[in-house]
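The values are calculated or read from the model by the stated rules, or taken from the named source; none is laboratory data. Keep in mind the model is a prediction, meaning the values are calculated, not measured. Methodologically, a virtual Cβ is constructed for each residue, glycine included, from the backbone with ideal geometry; neighbour enumeration extends over all protein chains shown. Ligands, DNA and RNA are stripped out before the accessible areas are found, and what is left, the full protein with its side chains, is counted by its heavy atoms. Shrake-Rupley method; radii C 1.70, N 1.55, O 1.52, S 1.80 Å.
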Amino acid sequence: MRLILASASPARLETLRRAGVRPEVVVSGVDEDGVTARTTSELALRLAQLKAAAVADRLERADALVLGCDSILELDGSPLGKPGSVVAAAARWRQMRGRTGTLYTGHYLIDTGTGRRTGRAVGTDVRFAAVTDAEIEVYCATGEPTAVAGAFTVDGLGGWFVNGVAGDHHNVVGLSLPALRDLLRELGHGLGDIGYPTP
């Protein structure tokens with residue numbers, strides 16, 4: 001079956017490719033502003049659902065699995081999405097340094113052929129280094145933290161400043177492979193159905 005990734009994230013695409021799957025990418029175009037939920041976990045799942053549904057509704061052929069994902073960092077009980085600016089990213093890092101937050105990634109999978117759908121959010125604890133003001137300035141000047149959930153990457157320039165991860169490492173990158181495997185099974189599919197290498 002076609003696996004369609006409803007996300008513009010190059011990290012999610014690369015995670016799937018390194019895991020032996022070659023998805024199509026269709027960006028959802030969902031406006032994330034104004035979407036609310038009771039918890040950070042529920043918010044991440046709701047955004048993932050909206051992205052998957054937006055792409056599924058646009059498909060001309062009803063024979064695909066559409067995967068929507070969204071990641072949000074929770075610190076002090078509050079959701080922290082993409083900072084959007086260097087100034088906001090620097091302020092975020094001054095708040096996060098030396099502390100532990102939980103990165104939630106929502107995963108939502110739609111089988112357009114059957115109409116069945118399922119989803120879950122996965123949380124992974126991330127321990128941040130006690131970075132200096134100078135390190136924050138240099139990192140934020142790269143522009144990377146302005147456009148990623150929680151103002152950091154674990155697999156890019158921000159990896160220098162992540163001291164530890166408790167849980168699924170791939171979830172912090174933006175897509176939990178074990179969670180996706182479980183969602184596929186819930187909809188009656190296996191890894192071979194999405195192109196995973198078979199003998």
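If we keep just the residues of region 79-122 that are buried (at least 17 other Cβ atoms within 10 Å of the Cβ), among the small types (Gly, Ala, Ser) and modelled with pLDDT of 95 or more, which is nearest to the chain's Cα centre (by Cα)? Among those residues, the one meeting the criterion is 106.
Residue-level check: of (1) part of a helix (DSSP H, G or I); (2) out of contact with any strand residue (DSSP E or B) (no Cβ under 6 Å at 6 or more places or on another chain); (3) open to solvent by less than 20 Å² (accessible area, probe 1.4 Å), residue 131 misses just (1). If I ask for residues that are out of contact with any Phe, Trp or Tyr (no Cβ under 9 Å at 6 or more places or on another chain), closer than 22 Å to residue 170 by Cα and of a type in the set (Val, Ile, Thr), which ones from region 121-148 would you list? Those that are out of contact with any Phe, Trp or Tyr (no Cβ under 9 Å at 6 or more places or on another chain), closer than 22 Å to residue 170 by Cα and of a type in the set (Val, Ile, Thr): 146, 148.
Of all the residues in region 58-78, those that are assigned to a loop (DSSP other than H, G, I, E, B) and either at pLDDT 95 or above or among the charged types (D, E, K, R) (or both) number 4.
Residues are listed down the side, and each one gets a yes or a no for (1) open to solvent by less than 30 Å² (accessible area, probe 1.4 Å); (2) closer than 27 Å to residue 77 by Cα; (3) modelled with pLDDT of 95 or more:
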| position | (1), (2), (3) |
| --- | --- |
| 17 | no, no, yes |
| 22 | no, no, yes |
| 27 | no, no, no |
| 39 | no, yes, yes |
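Of the residues making up region 149-158, none is open to solvent by 50 Å² or more (accessible area, probe 1.4 Å), in contact with a Leu (Cβ under 9 Å, 6 or more places away or on another chain) and at pLDDT 95 or above. Taking every residue in region 134-155 that is hydroxyl-bearing (Ser, Thr, Tyr) and pairing it with any residue that is crowded, with 18+ Cβ neighbours inside 10 Å, at least 6 positions away or on another chain, the pairs with Cβ-Cβ distances below 6 Å are 146/83; 146/89. Considering only residues in region 159-198 that are in a loop (DSSP other than H, G, I, E, B) and under 21 Å from residue 74 (Cα atoms), the one that is most open to solvent (accessible area, probe 1.4 Å) turns out to be 167. When residue 66 is tested against (1) under 30 Å from residue 195 (Cβ atoms); (2) open to solvent by 10 Å² or more (accessible area, probe 1.4 Å), exactly one condition is not met: (2).
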